[in-house]
Amino acid sequence: MILTRLVAALALALLAALPVAAQTRSEEIRVLLTPELETTLVSPILGRLRAVNVTLGASFPKGRVLVAFDCQEQQARVNMGQAELIAARENHEAKLRLQGLQQAGEVEVNLAAAAVNKALAQLDLYRTQASQCVVVAPFAGRAVKVHVKPFQGVQAGAPLVEIVSAGPFKLRLNVPSKWLPWLKPGTPFEVTIDETGKTYAARISAINARVDAASQSIEVEGSIENRSGELLAGMSGAARFKPPK
């Protein structure tokens, strides 16, 4: 027992005496799996929800309506704007005909044309307001948190759904800054994900522009080459590099 303790103590002392780079080369670097894109969709308007078309963990394509508001008032404004535009155009055309008969002056025609432009701008405003009655997915992905329920009233800016992209994942890790002479974008490495127990091929995709002086490390990002659906954002694991000798 005493001999075993002496051997362990000697091994620790030898390891502590090694340079930092030599120690790190024999260790595994912890890595975190993050999505390429992630965001929280918020309410663009004050109103009552008509439908929530996404559930926790559900996948969806880009452009799908995730949340819809009850917007009868906004649609009524669009209808009113269309009617006002039709009336303004009819008035403008009538003024043009009267001008041809020398029964309307240029000022009257110009005012009628301005009324048409004003009606067009008003209709564009109403249509923009109506378009905010639906919240669509900005990219294909999955829902990681749903904050609201159908028929619930929400304030403008209130969180609705948190989503992450379904595309390739990024690997985030901190490596010793002494690796910078040989660590470049495109450098291959392997990563074993704890949750799946599998090893995947990966490559460095980006290197931070600043070294952390306290830890003598630098943050890097990697791209994992496996595109299977078994990987999820938030998984973690260990990365292994093969530094040049």
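We did not get these values from a lab; they are worked out from the coordinates using the rules stated. These numbers were taken from a predicted model, which means no experiment stands behind them. Quick reminder, even Gly has a Cβ in these numbers, built from the backbone with ideal geometry, and neighbours come from all protein chains shown.
Some notes on this structure:
- Placing +1 on the Cβ of every Lys and Arg and -1 on the Cβ of every Asp and Glu, with nothing else charged, gives segment 40-165 a dipole about its Cα centre of roughly 620 debye.
- Mean shadow area of the chain over all directions, Cα convex hull, nm²: 23.6 nm²
- Separation of alpha-carbon centers, segment 90-136 and segment 173-245, rounded to whole Å: 60 Å
- Segment 55-163: chymotrypsin sites (Phe, Trp or Tyr not before Pro) in DSSP coil with no more than 13 other Cβ atoms inside 10 Å: 151
- Estimated at 0.36 nm per residue, the fully extended path between residue 90 and residue 48 surpasses their Cα-Cα distance by 11.4 nm.
- Only the Cβ atoms of Lys and Arg (+1) and of Asp and Glu (-1) were treated as charged; on that basis the dipole of segment 121-245 about its Cα centre amounts to roughly 300 debye.
- Taking GluC sites (Glu not before Pro) as exposed when DSSP calls them loop and at most 12 other C-beta atoms lie within 10 angstrom, the chain has its longest site-free stretch at 28-224.
- Label positions at residue 28 and residue 236, each projected 7 Å from the Cα along the C-beta direction, are separated by 1.2 nm.
- Calculated [222 nm] ellipticity per residue, helices only, for the chain: -11000 deg cm²/dmol; basis is -39500 (n - 2.57) per DSSP H run with n ≥ 4, divided by all residues, nearest 500.
- Cβ-defined net charge surrounding residue 129, 12 Å radius [Lys, Arg +1; Asp, Glu -1]: 0
- Annotation for segment 163-245: chymotrypsin sites (Phe, Trp or Tyr not before Pro) lying in DSSP loop with at most 14 further Cβ atoms inside 10 Å of their Cβ are 182.
- Label sites at residue 99 and residue 205, each approximated as a point 7 angstrom past Cα along Cα to Cβ, lie 5.8 nm apart.
- Total charge dipole magnitude, the chain, about the Cα centre, Cβ charges on Lys, Arg, Asp, Glu only, Debye to nearest 20: 700 debye
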